[in-house]
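In what follows, a structure is listed as structure tokens, so that the remarks can point back to it.
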Amino acid sequence: MSHRPSSGLAAVSTALLAMSRHLEVRDVLKTIVASARELLDAEYAALGVPDDHGGFAQFVVDGVTDAQWKAIGPLPRQHGILAAMLRDAKTERLADVREDPRFEGWPAAHPDMSDFLGLPVKDGEETIGALFLANKRCPKAQGSCGFTEEDEELLSILAQHAAIALTNARLYERSRELTIAEERSRLAHELHDAVSQKLFSLRLTAQAAAALVDRDPARAKGELQQVAVLAAEAADELRAAVVELRPAALDEDGLVNTLRTHIQVLDRAHSAKVTFDSRGIRALPAAQEEALLRVAQEALHNALRHSGAGEVDVVLVRRGQGTVLSITDNGRGFEPRAVRRAGRHLGLVSMRDRASGVGGRLTVQSAPGKGTTIEMEVPGG
């Protein structure tokens, strides 16, 4: 046996061990891509997880700097060679991807690629991703592919195990979501029971005070003092529940990753295309992160349920000395003043309260037929 296959299999083993260490989907994707690029000694590697709308729910690259990736622009759509890999579920090994009749070009900032090796990542009969590499770092004759049959074999082994790792990561995330949902349901029941009892006692005590106020003012005063005590206890229980209901994902993943995951789920669940972009964000105080998440959730709910939007874009960026969250949709829009006059708020009062509660501010821009932009700015980040 030659030295190359032995070292290749050792590298595959190392890559598989690296994949097995991660449980988060995005971490698994990044490990797969980095392992594939290192294993086959390519300049570039990428893995796309398709959505149901002709785009990609996730697209991870290796060999491209953050600045390059930002300059390239939006995620690719399912077209050209990528579409062929997803549609036909077969390996593509090309001497020059640019010469293939299915090639449809790429953005100006995209790195130049020539020889190409790509294959689908499959879970049973379902294609759950497309993994590809470009620009093999080796001497090669003009018009020939640097990637070999052996490379194809190694990448195929990696892809099979990548499918298992990715499926396990998805199951883990789903399990965690179910656990969180169950815990929230438990807390909601406890909150309902505890606060309902306190409110019932408050009501009875207030009624007793009202009945006594004329004939026995001293006893009425005592009942009113008890009302104050019960109200304080109810407020304490509410505060404790709110603290306990802080989104668990924020503590584990941080605001950016929590938002990204939430938006990916919404994008898969709704016909509208929902995108997320984040730039230059550092960790924020816990209260600000929770407020930003809650405002994003409320605004997304409005956009997806009420606006009729086909596209919703969520952006979280650093601006000056602060952090800005914006949610923009191309839906039917509304007249903010008319909404206020009609006594309907679309959650705007709650969102403004959340923003001001953490030292921030909320602005709403909308008009009939013009879509809506909700922007929340907080200091720091």
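Details
- Filter result for the condition that a residue is open to solvent by 60 Å² or more (accessible area, probe 1.4 Å) and under 29 Å from the mean Cα position of the chain (by Cα), over ALA141, ALA130, ALA84, ALA108: ALA108
- Filtering GLY80, GLY118, GLY129, GLY55 for residues that are of a type outside the set (Phe, Trp, Tyr) and within 22 Å of ARG279 (Cβ to Cβ) leaves a single hit, GLY55.
- One residue stands out in the stretch 111-127 among those that are in a strand (DSSP E or B) and not acidic (Asp, Glu): the one that is most open to solvent (accessible area, probe 1.4 Å), namely LYS122.
- Residue pairs meeting the criteria (Cβ under 6 Å; at least 6 apart or on separate chains; first over 14 Å from VAL315 (Cα atoms), in the stretch 279-290; second charged (D, E, K, R) and surrounded by fewer than 19 Cβ atoms within 10 Å (Cβ to Cβ)): GLU290/ARG246
- Some residue of the stretch 92-99 being at pLDDT 85 or above, in contact with a strand residue (DSSP E or B) (Cβ under 6 Å, 6 or more places away or on another chain) and open to solvent by 60 Å² or more (accessible area, probe 1.4 Å): yes
- Leading residue by the ranking (surrounded by the fewest Cβ atoms within 10 Å (Cβ to Cβ)) among those in the stretch 144-157 that are touching a strand residue (DSSP E or B) at 6+ places or on another chain (Cβ under 8 Å) and in contact (Cβ under 8 Å) with a residue 60 or more places away in the chain: SER156
- Within the span defined as the stretch 85-95, one or more residues are within 17 Å of PHE59 (Cβ to Cβ) and either among the aromatic types (Phe, Trp, Tyr) or touching a Leu at 6+ places or on another chain (Cβ under 9 Å) (or both).
- In the condition set (1) within 20 Å of LEU29 (Cα to Cα); (2) modelled with pLDDT under 90; (3) open to solvent by less than 60 Å² (accessible area, probe 1.4 Å); (4) not hydrophobic (A, V, I, L, M, F, W, C), SER185 is compliant with all but (1).
The values are calculated or read from the model by the stated rules, or taken from the named source; none is laboratory data. Note that the structure is a prediction, hence the values are computed from the model and not measured. Backbone-built Cβ (ideal geometry, glycine too); neighbour counts: all protein chains shown. Just the protein is used for accessible areas: all its heavy atoms, side chains included, with ligands, DNA and RNA removed. Shrake-Rupley method; radii C 1.70, N 1.55, O 1.52, S 1.80 Å.
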